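A.B. asks: The structure is given below, and queries will be raised subsequently.
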Amino acid sequence: MSLIFITEDEAVIREGVRKYLEKSGYSVLGFETLKSAREALSVTKPDLLIQDVMLPDGDGFEFVKELHESSDIPVIFMTALSGEDNKVTGFENGADDYITKPFSPKELVLRVQAVLRRASSPSKNAASGAGANGADLSERTFIAEDGRMTFNRYEHKVTVNGAAVALTSAEWRILDLLIKNAMVVLPRAQILKECFDYTELSYERIADTHIKNLRAKLGPYPWIETVRGYGYKFIAHPESVN
Ligand code: CA
């Protein structure tokens, strides 16, 4: 059973969401403040965090940014702030999805299911992408200038020059998609569709913000090329095998 944390200071919303998710078969713990959520997260890793933005003891965006420095827990922001800028801010801070109040419980459950499905099965994704010989399951190495990246889809692990890189689940999905399509230009719309189930073109900036964060984490090497006005291309070359 998946464990979901929800941080929301409004008791009516917090309890409403908790009851609805429990009815849908999830185990749910609710927190009224960032402080209590932080304490719980230090001892338990939930499968998903549903995070309000405006809380009495701080800002949910900042909280998740800090959380993702040491954790890859998927996050759905739940907030009264709407508008594209706020959505982009949410995604910049590592959101897997973003839901605006008021929302229907049914919509929330559908989004929770989608995020958990995408986040939970790297090995399943790997199997579906593997060739008949299963070669795709093994670790791959890419070179860009003097950077050396290893990408292990099966173990869900990325290193750059030997150091592990902590990616959020959203960043992981984008990098995985780019590598699967190495040397092919991927339009932003395709990245959003395949990684987030988003089809609205107004959200294309979200792809840009994730790529920006991904690049910052992968060091000063040209792994990913920007194709202006269009999309992105993974251009690092595979390490030659002798
Ligand atoms: Ca609030």
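A.B. asks: In whole Å, largest first, what are the principal axis extents of the Cα atoms in the range 21-80?
C.D. replies: Principal axes ranked by extent give 30, 27, 17 Å for the Cα atoms.
A.B. asks: Also, I was wondering about something else. Report, in degrees rounded to the nearest 10, the 0 to 90 angle that the Cα long axis of helix 105-120 makes with the longest principal axis of the chain.
C.D. replies: 30 degrees
A.B. asks: Hey, another quick one. Are any of the pairs K101/K212; K87/K233; K87/K212 more than 18 Å apart by Cα-Cα distance, and if so, which? Write down the numbers at each step before the final one.
C.D. replies: Values: K101/K212 28 Å; K87/K233 24 Å; K87/K212 16 Å.
Check vs 18 Å cut-off fails for K101/K212; K87/K233.
A.B. asks: Then there's this: Work out, step by step, the length gained on full extension between S42 and K217: first 0.36 nm times the residue separation, then minus their alpha carbon distance; give nm to one decimal.
C.D. replies: Difference between extended and current length: 60.7 nm.
A.B. asks: 222 nm [θ] for the chain, helices only, -39500 (n - 2.57) per DSSP H run of 4+, per residue, to 500?
C.D. replies: When only DSSP H runs of four or more count, the value is -12000 deg cm²/dmol.
A.B. asks: Please list, or write none, the aspartates and glutamates whose alpha carbon is within less than 14 Å of the alpha carbon of K217, excluding same-chain residues fewer than 8 places away.
C.D. replies: Cross-link targets: E69, D72, E92, E171.
A.B. asks: Continuing with the same structure: Using just the alpha carbons, could you tell me how many Å³ per residue the convex hull of the chain encloses?
C.D. replies: Expressed per residue, the convex hull around the Cα atoms of the chain is 133 Å³.
A.B. asks: Under 8 Å for C-alpha pairs, at least 6 residues apart: give me the relative contact order for the range 139-238, rounded to a whole percent. Walk me through the numbers before you get to the answer.
C.D. replies: On the way: 142 pairs, mean separation 32.0, N = 100.
After rounding, I find 32 percent.
A.B. asks: So what's the projected area for the range 1-48, the Cα convex hull averaged over all directions, in nm²?
C.D. replies: 3.0 nm²
A.B. asks: Here's another thing I want to ask about it. For a Förster distance of 41 Å, can you work out the FRET efficiency between the beta-carbons of L110 and T141, rounded to the nearest 0.05? Kindly include the intermediate steps, with their values, before the conclusion.
C.D. replies: Details: r = 38 Å, r/R0 = 0.94.
For L110 and T141, the calculated efficiency is 0.60.
A.B. asks: For the range 1-116, what are Rg and Dmax over the alpha carbons, in angstrom?
C.D. replies: 12.7, 35
A.B. asks: If Rh is defined by the Kirkwood formula over all Cα pairs and Rg also comes from Cα, what ratio Rg/Rh do you get for the range 139-238?
C.D. replies: 0.94
Read-outs: derived from the displayed coordinates by stated rules, not from any lab. What you see is a predicted model, and the numbers here were worked out from it, not measured in a lab. FYI the Cβ positions are ideal-geometry reconstructions off the backbone, even for glycines, and counts take in every protein chain you see.
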